[in-house]
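Engineer: Sending over a structure as structure tokens; questions will come in a sec.
The values are calculated or read from the model by the stated rules, or taken from the named source; none is laboratory data. Worth saying up front: this structure is predicted, and the values here are computed from it rather than measured. No Cβ is skipped: glycine too gets one built from the backbone with ideal geometry, and neighbour counts run over all protein chains shown. Quick note on the areas: whole protein, heavy atoms, side chains included, nothing else; ligands and nucleic acids left out. Shrake-Rupley method; radii C 1.70, N 1.55, O 1.52, S 1.80 Å.
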Amino acid sequence: YLVMPKRNKTHLIINNFFTEPDKIVAFALKQKFYNKETHPDKKAMLAFPGHRTEFLHIHKNKKMYNKISSMLSKAAQLFLEKDDFKAKLRIAFSYTDKDVYMPQFHTDNDELKGNTYDHAFAGVVYLNKDAPLSAGTIVVVNNKGFKCSNEYNKLFMYDSNLKHSGAGTFGKNKKDSRLVLTFYFGVFK
């Protein structure tokens, strides 16, 4: 599953990322989602326009968090092209429904302010079966948009300093909207 990923200096794509994606989706759908006004940690939302869970590291299910963070760390090693690095990892589930306008371009630079991170990268794992391919993610590289299609269980990791946005939305609630696992690595110097 981590064989032959598509990688360049700005992003990494891995198809069929999780070995048991249906279990990840079932876990995600059991979580409570918040919007910007109701989220207990206002910083957790940043520029995200939809609904998001609390960060998984504070969740009671440490086994699931460890499973997900281990897989993301393996992907990060491929992205960084090194086996050893120190980073702060934040993981949450997010969804955007058809009422959210897309695209909404932003960077995650706010996470870097006041931290000692050398650099940061972020990404998503798409969690909808049969989602519109057009509802993926766009990153702007050298003033050109690169669009990753929304395909079930696909990881898309990118430099978080790049402008990026969800490419489209659909659905009415967490069960039928654009559902993703979002993550952010702040890499220490």
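Engineer: Return the long-range amide H neighbours of Lys163 (sequence gap of 5 or more, or a different chain), with a cut-off of under 5 Å between placed amide H atoms.
Structural biologist: Long-range HN contacts for Lys163: Val140.
Engineer: Next question, about the same structure. So which of Lys9/Lys63; Lys43/Lys82; Lys23/Lys74; Lys9/Lys189 end up more than 21 Å apart, counting from Cα to Cα?
Structural biologist: Working: Lys9/Lys63 32 Å; Lys43/Lys82 29 Å; Lys23/Lys74 19 Å; Lys9/Lys189 19 Å.
Where the Cα-Cα span goes over 21 Å, the pairs concerned are Lys9/Lys63; Lys43/Lys82.
Engineer: Aspartates and glutamates near Lys30 by alpha-carbon distance under 12 Å, same-chain residues fewer than 8 away left out - which ones?
Structural biologist: Here the aspartates and glutamates satisfying the reach criterion relative to Lys30 do not exist.
Engineer: Show the residues, 5+ positions off or on another chain, whose built amide H is closer than 5 Å to the amide H of Tyr34.
Structural biologist: Under 5 Å from the amide H of Tyr34: Arg52, Thr53.
Engineer: Each residue of region 163-172 in turn: what ³J(HN,Hα) in whole Hz from Karplus with 6.51, -1.76, 1.60 and θ = phi - 60°, glycine and Pro shown as x?
Structural biologist: Along region 163-172, the couplings run 5, 8, 6, x, 8, x, 9, 6, x, 10 Hz.
Engineer: While we're here: Averaged per residue, what accessible surface does the chain expose to a 1.4 Å probe, in Å²? It would help to have the intermediate numbers written out before the result.
Structural biologist: Numbers: 9850 Å² over 189 residues.
Accessible area per residue, the chain: 52 Å².
Engineer: Something else now. Please give every one of the aspartates and glutamates within straight-line cross-link reach of Lys163, meaning a C-alpha to C-alpha distance under 16 Å, and leave out same-chain neighbours fewer than 8 residues apart.
Structural biologist: Within the straight-line limit of under 16 Å, Lys163 reaches these aspartates and glutamates: Asp108, Asp110, Glu111.
Engineer: Which of these, Phe156, Phe85, Phe121, has the largest mean-square fluctuation under a Gaussian network model of the chain (Cα springs below 10 Å)?
Structural biologist: Judging by the Gaussian network model, the answer is Phe85.
Engineer: Under a 5 Å amide H to amide H cut-off, with H placed in plane at 1.01 Å, what residues pair with Met102 once short-range neighbours are removed?
Structural biologist: Amide H to amide H, under 5 Å and 5 or more residues apart or across chains, Met102 pairs with nothing.
Engineer: Ok, one more. What is the spin-label model distance, in nm, from Lys147 to Lys82 if the labels are put 7 Å beyond Cα along the C-beta direction?
Structural biologist: 3.6
Engineer: Give me the percent of accessible area attributable to carbon and sulfur for the chain, probe 1.4 angstrom. All intermediate terms of the calculation are to be shown ahead of the outcome.
Structural biologist: On the way: 4960 of 9850 Å².
That share works out to 50 percent.
Engineer: Still on this model: Between Gly166, Gly145, Gly50, which gets the highest mean-square fluctuation from a Gaussian network model of the chain, Cα cutoff 10 Å?
Structural biologist: Top of the fluctuation ranking is Gly145.
Engineer: A further question on this structure: If you work out Cα extents along the principal axes in Å from the coordinates, which of (1) 53, 44, 27; (2) 40, 40, 36; (3) 49, 34, 30 do you get?
Structural biologist: Answer label, from the structure shown: (2).
Engineer: While we're here: Name the most mobile residue of Leu29, Leu56, Leu162, meaning the one with the largest mean-square fluctuation, in a Gaussian network model of the chain with Cα contacts below 10 Å.
Structural biologist: So, out of Leu29, Leu56, Leu162, the one fluctuating most is Leu29.
Engineer: If contacts are Cα pairs under 8 angstrom and at least 6 residues apart, what is the relative contact order of the chain in percent?
Structural biologist: About 28 percent, as a whole number.
Engineer: Same structure, new question: Region 128-189 to region 20-60: how many Å between their Cα centroids?
Structural biologist: First find each Cα centre; the distance between them is then 15 Å.
Engineer: Karplus couplings for region 71-87 from phi (6.51 cos²θ - 1.76 cosθ + 1.60, θ = phi - 60°), rounded to Hz, Gly and Pro as x?
Structural biologist: 5, 5, 5, 5, 5, 5, 4, 5, 5, 7, 6, 7, 8, 10, 7, 10, 8
Engineer: Enumerate the aspartates and glutamates that Lys154 could reach by cross-link, defined here as Cα to Cα under 18 Å, with residues fewer than 8 away along the same chain left out.
Structural biologist: Here the aspartates and glutamates satisfying the reach criterion relative to Lys154 are Glu20, Asp22, Asp130, Asp176.
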